[in-house]
Amino acid sequence: INSLSFLFSEIQQALYELACYVINGNLKQEQASSVLNDIIDLREDMPSVLADVFCILGMFHLERVCVNIIFLCLLSCQYLVSDTILKERLDPETLESLGLIKQSQQFNQKSVKIKTKLFYKQQKFNLLREENEGYAKLITELGQDISGNLTSALILENIKSLIGCFNLDPNRVLDIILEVYECRPEHDDFFVPLIESYMCMCEPQTLCHILGFKFKFYQEPNGETPSSLYRVAAVLLQQALIELEDLYVHLLPLDSSILEEHKKEVLEAKQIVRKLSMVVLSSDKSEDKEKDKEKDEEKAEKPPDNQKLGLLEALLKIGDWHHAQNVMDQMPPFYGTSHKPIAVALCRLIHITIDPLYRRVAVPKGAKSRRASRLQSKRAPKPAECFEDLRRDVFIMLCFLGPHLAHDPILMAKVIRLGKALMKEYQPESNRVEERERAEVLFSCLLSITDQVLLPSLTLMDSNACMSEELWGMIKTFPYQHRYHLYGLSKNETYNSHPLLVKVKAQTIDRAKYIMKRLTKENVKPSGRQIGKLSHSNPTILFDYILSQIQKYDNLITPVVDSLKYLTSLSYDVLAYCIIEALANPEKEKMKHDDTTISSWLQSLASFCGAIFRKYPIELAGLLQYVANQLKAGKSFDLLILKEVVQKMAGIEITEEVTMEQLEAMTGGEQLKAEGGYFGQIRNTKKSSQRLKDALLDHDLALPLCLLMAQQRNGVIFHEGGEKHLKLVGKLYDQCHDTLVQFGGFLASNLSTDDYIKRVPSIDVLCNEFHTPHDAAFFLSRPMYAHQISSKYDELKKAEKGNKQQHKVHKYITSCDHVMSPVHEAVVSLHPPKVWDDISPQFYATFWSLTMYDLAVPVSSYNREISKLRVQMKAIDENVDMPPNKKKKEKERCTALQEKLQEEEKKQFEHVGRVLQRMKLEKDNWLLARSTKNETITKFLQLCIFPRCIFSAIDAVYCARFVELVHQQETPNFSTLLCYDRVFSDIIYTVASCTENEASRYGRFLCCMLETVTKWHSDRAIYDKDCGSYPGFVTILRATGFDGGNKAAQLDYENFRHVVHKWHYKLTKASVHCLETGEYTHIRNILIVLTKILPWYPKVLNLGQALERRVHKICQEEKDKRPDLYALAMGYWGQLKSRKASMVPENEFHHKDTPAKSNILSPVQNGPNTASQSASVMVNAARSEDDKSKDKSQSNLKVVTKAASTTPKVVANNGSNSSNSKNTKEKEEKDKTGKEKEKDKREKTPVAPQEIKAPGKEGKDKTKEDRASKDEKIRDAKEKTPKSDKEKEKVKKEEKSQKEEKSKAVMANTESKLAAEKEREKEPSREKDVLKEAKSKEISKGGDKTAVAGSLKSPVSRSDISETERGKFSSYNHLYSPV
């Protein structure tokens, strides 16, 4: 073809050049004619080509060489080109010259006439009246019955005949065909082929123009386009007879008008929201109502016809989704489907498309459903046969439908059921990559449909609870992360995407305000129904408002919780999300403005959480994960949530205000704990605690939460506490610790043995790998050890059947060895090797693994609860109004409970007996004491007692009970006296470093310790029975003139009373010091401790009076400064005053007369092998305090005597002169001048241990002690005389230095602490001085001289162990370093 075309162009060029040569005279005409004759046969169209060349030559060369052209044309005419071709191509003038026409002018006139007739004269009839017969026959032809053998081809031939016969206008004929088609829409199969065939005779744009004219006819102001026209246009579009782009331009309104209308709707919706959120006064309401009526009337007027929406509806009805989608793409989102007919048409199309798949996989069992009628058009969307087919069209249709799926609840239910069926087949963990990817894509599509269609559609439904439950059936199969993401999108984005949703949101808030204003405890039921009805459709908006009200008004919590019982499952899940969102709100501060307390909104939310999660079956996983994430981020505020949830759902309370009766009940079994261990009776927590347990186990959050809380305790201090107030840091620490104890207790009591053991790692892994503090690690491991020992014991009992108690004990001990041996090995890595020189790993593990349940049976608690049940049964019998059936049930319940308690008590008795037998066998290997007994006690207190006594209230009781038990077991190398002395002697640093709750536990520990000491102090018989022959009270003494061997001696009763008085004195001194510091933490903690130990301290009248005065002063000082301290002080002061009647004078508390001894004993120097020779310091110190109380009136008893100007002396003179000494002291107090009293106030020292003295005075004391031969009467005379001149001069000097002291007020606290540390270092040497004084001192009574009873010596010099002790104690900074 290319070669032929190339030849054709070459021939044209050659002929043109040939002619040009002839015209220009370069070639003779004869030669040219010869050439033309030769080539004329090369092509059939050669004459036509030659005529074209002549025509071109004629246009360009006519004037120049007309003769040559004429000759050439004549020559050509004869042989080559016909006249007809020349007449077509050449202009009239050339034709006239050639003689082919006569005159060119006449030829032109004739040509114009022919063209006018041909193109402008009408030969076809357009109007019906112009040719009514032809058009009548046409209409008859189209309107006849076509159900027979008539075909569109036959009718078309008839139409052609009519057009030819009657000269009908073909365009008008086409218009009539469309009109008839509109009237007979059921005959698509006939008219569509007819029009398609007819269009072969017309131009392509003709049909579109005719339709456009039809639509334009109805675009008048009151015009209404008939639906039949929309349908005809839609069918023609579907059959591709016209193009959408061509027809779309003929339709009104314009796209810009549609966009403006949409913007106007959005603005109106926002105005409605603004109006509902405004507070409208009553006077303005009537005016607003009138304006609203006028606007409604304006809207009631008929809106202009929207032809684009009509066409869209018609397209959807016939199933032409492709063109319908194109039309909707030109409009704003959801504009088309916001018109109900369009939404309904699209819903019907989706019904038809999903019907096969729905029938196959999603029809509920027993349900009957009608088949959706299929569309006739083959171009409609293909029905979905599998889930993959949904991606082709259905998901896209649903996205265009959006929230307007609400118009068809049945379709919505079908879509939800298909989603449920999809989730059943959804396998994200499939081995095949293709299947996994396909499943992930489908799941992603389902999430999008839920977000964009299902949840918004539920919002527009009118309180459809059934649909809410149906939707929950699908959504609950999603992981909670996806569910909460959907709720968040719905709440924060979806409501702003459509004007209708904006209005619904505003109306929901308005209705919620109306309900919440009227909600009270009395109308919970009707208000709850209204809340439930509102929540079925718009839960996120409703709950967001309710939670905002709860955060402001905590008294709404109870009625709101009770009113939420009418919610659907979906609403409960949305509520859980809204709670988490409220907790995580970054705009809210979790601390109050004073930065010392947690914000009230957080406390209210926490309380609401506990109540709502307990009462209703709401999933907990999201909330628990939120708390865990907060802990990971180092934030502990939200632990308050976990604390409330565990307390309400499991019934486990954590409070420091438990009574001793409750605490005693907590040492029993689970039944006793439930009945008597908590403030409220634990009822109906079985289901809620099971839900909590399942949530923790299913999501593997049990152990992580425990570990995070254990680690966060220190994080509160070192990470969170940097910029926070000390009071808040303490509260956060207590909250973290209490929640850990509470949560651990819940896991221990609710998890099965296998679950617990499987999740809790070994103790060395907990401490070394997870960096869990030792106390928390043992707290978590303790239930595991008990479970394992119990399981092993039961296993051995089944294997060897023996009922003898001895055999049972042996099996129990075997079980303990089996379980605890790995623990003994594991704990070795927790501490340096030097620790195990004094205490064995076995003792360490035994102490940390046992509980109060193992040590004692709370018999009184069991009896008390059983008595309560008997009283209840008696009251039931006496209740006449109670129905007999209910009486029977209640009595059966009480009887069963009583039997359970009795069985539990019996079981605990047996268990405690086995544990005590085990301890008896182990005790010889507990304390190795390879260094000194003092060092052993130090490590015992540091590593065991102090960490655990502040862990929980029950642990505080356990520590005191364990010390007593170790004493009763006669444990080798354990000095009971030294242990108690170390506990009571210096509590300042311990108290100062405690948090509020730790101070309460520490006080409870001291209370229990004091209870034991007071019991021994109260009666000689008890003391002799419990302590008289026990190694813990052994002292090693040596006579002065005796050189051979050591002699063991027990501390006698009177010396023990002296020691107890010393402990009371030291407690007083430490208490007064803490009260005088002015530090918030010191004062608060000591008041808490003093309140806890009030049953047993103070017992001595003068010590009690000293405390009373100092506390009263605190009340006066703190009344307007720190109200919480004032409340604590007032509470303690009142209780202390009420107990004053039970206090005794000092001489009744212990005999100040020294019993005579036949010889003077001196202490033996102790070495490592005589480590048991301990406790002498305590007795000697106690005695020396009594003897030296007279010469310490100004200096040695600073804390007590200088606490206030009216504070009495702590101790009086021993012997017959005691009354005179008291009179002298009273006289001296009265004679004091005002200046001297002021001086006493200013000389108060804030620091501490009793043994602290000024270095110069210490030398004086040594000189006094060395004078063994000095008569005692001289000292008595000195005390009875007023102050010497030297002392007066000293007073003046001190008054003079007061100005300098004021200038150094800023450094007072620092200097006092340094002084305390220096004096502490000098303490060992002073104790030696006390010993020397005890050796040489003689006390005269009635002229007879008696020696001091042999004083007791510490096993190792205090100077030798002080550095070690400081090193050990410094490692536990939380207890020993001041805040």
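The numbers here are math on the coordinates, done by the rules we state, and not lab data. Everything quoted here is computed from the prediction, not taken from an experiment. Backbone-built Cβ (ideal geometry, glycine too); neighbour counts: all protein chains shown.
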Most to least packed among 178-190, 523-535 [average Cβ atoms within 10 Å]: 523-535, 178-190
query: Got a sec? Charge dipole of the stretch 159-221, +1 on Cβ for Lys and Arg, -1 for Asp and Glu; which of Ser161, Phe191, Pro221 is way out at the positive end?
result: Ser161
query: For the charge dipole of the stretch 774-842, defined by +1 on Lys and Arg C-beta atoms and -1 on Asp and Glu C-beta atoms about the Cα centroid, which residue among Val823, Val835, Val809 has the Cα displaced farthest towards the positive pole?
result: Val809
message: List the pairs from Lys643/Lys1066; Lys687/Lys727; Lys1025/Lys1099; Lys317/Lys565; Lys368/Lys503 whose alpha-carbon separation is above 32 Å, in the order I gave them.
response: Lys643/Lys1066; Lys687/Lys727; Lys317/Lys565; Lys368/Lys503
message: Going by amide H atoms built from the backbone, whose H comes under 5 Å of the H on Thr1035, apart from near neighbours?
response: Ala1049, Gln1050, Leu1051
field: Segment Arg392-Glu661, extension gain: residue separation times 0.36 nm, minus the distance between their alpha carbons
entry: 89.7 nm
query: Leu154: net charge of surrounding residues, Cβ under 12 Å, Lys/Arg +1, Asp/Glu -1, itself excluded?
result: -1
- prompt: Of the peptides 1055-1068, 628-641, 1135-1148, 547-560, how do they stack up when ordered by the mean number of other Cβ atoms within 10 Å, highest first?
  reply: 1055-1068, 628-641, 547-560, 1135-1148
query: How many nm is it between the label spots at Phe213 and Ala799, if each spot is 7 Å from the Cα in line with the beta carbon?
result: 10.7
query: Summing +1 for each Lys or Arg and -1 for each Asp or Glu, what net charge is found among the other residues whose Cβ lies under 14 Å from the Cβ of Glu182?
result: -1
task: Taking amide H positions as placed in the peptide plane 1.01 Å from N, state which residues far from Phe125 in sequence (5 or more) or on other chains have amide H under 5 Å from it.
output: Leu168, Asp169
Loop-located GluC sites (Glu not before Pro) in the stretch 708-775, at most 14 other Cβ atoms within 10 Å (DSSP): Glu723, Glu769
statement: Net charge (Lys, Arg +1; Asp, Glu -1) of residues whose beta-carbon lies under 15 Å from that of Glu17, Glu17 excluded, is -2
task: Could you rank the peptides 572-584, 137-149, 235-247, 1104-1116 by their average count of other C-beta atoms within 10 Å per residue, with the highest value first?
output: 572-584, 1104-1116, 235-247, 137-149
